[in-house]
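First up is the structure itself, then whatever we jot down about it.
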Amino acid sequence: MKPQYIGYAIGVGIFLLAISWRLSRMRGVRPFNPGLSLIVPGVLTAFASTFFIFVWPFTPTNAAIVAAAFVAGAAIGWWRGKLMHIEATEAGGLTIQASPLAIVFLLALIAARFGLRFFLLGPEAMGGNGVPSPHALAIDGAFIAFAIGALGVARLEMFRSEEHTSELQSH
């Protein structure tokens, strides 16, 4: 077996373990801390900023594609945030029930990224020296912007919804 395939197999194995773990956590109601929910978008934005500043090939076309991907992700994130069921408990805490569609959405996003890179770029996705081509980086940039829009706006919508739930509970 080629070393390249071993790397893919290890990556797929880790990915499947992570998805299994995430699915098991999504089954029931869990405590919700709105303040902590804003950490993930912040960390993702920091990583994405590093990518866009140091790696991503800037062109006006790439910038327009990334902006459109962010807007599309934000729209889907808002929708996802509205679907999350946040409830106040009698003890004064909050609980959240995630939708199983969230994991399907994540899987579809990852499959779309790999599919686009393969079908649009084929073997040229990776240059001869193992460095991704500018086109592959442009596709990655669009998916990163989409993910930040989707996750960030979903978390902001849940935060806003939590404030509304707490306000209703206090009356």
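The values are calculated or read from the model by the stated rules, or taken from the named source; none is laboratory data. Computed from a predicted structure; not experimentally measured. Backbone-built Cβ (ideal geometry, glycine too); neighbour counts: all protein chains shown. SASA here: full protein model, heavy atoms, side chains in, ligands and nucleic acids out. Shrake-Rupley method; radii C 1.70, N 1.55, O 1.52, S 1.80 Å.
Observations, loosely collected:
- So I110, is it part of a helix (DSSP H, G or I), closer than 23 Å to G42 by Cα and at pLDDT 80 or above: no
- If you check F47, F105, F114 for being closer than 17 Å to H135 by Cα and either exposed (fewer than 14 other Cβ atoms within 10 Å of the Cβ) or not small (G, A, S) (or both), only one passes: F114.
- Pick from segment 56-90, criterion open to solvent by 90 Å² or more (accessible area, probe 1.4 Å) and in a loop (DSSP other than H, G, I, E, B), ranking: farthest from L151 (Cα to Cα): E90
- Segment 117-141 - residue that is part of a helix (DSSP H, G or I), of a type in the set (A, V, I, L, M) and modelled with pLDDT under 75 and, of those, most open to solvent (accessible area, probe 1.4 Å): L120
- Subset of segment 97-107 that is of a type in the set (A, V, I, L, M) and at pLDDT 75 or above - its residue that is farthest from the chain's Cα centre (by Cα): V104
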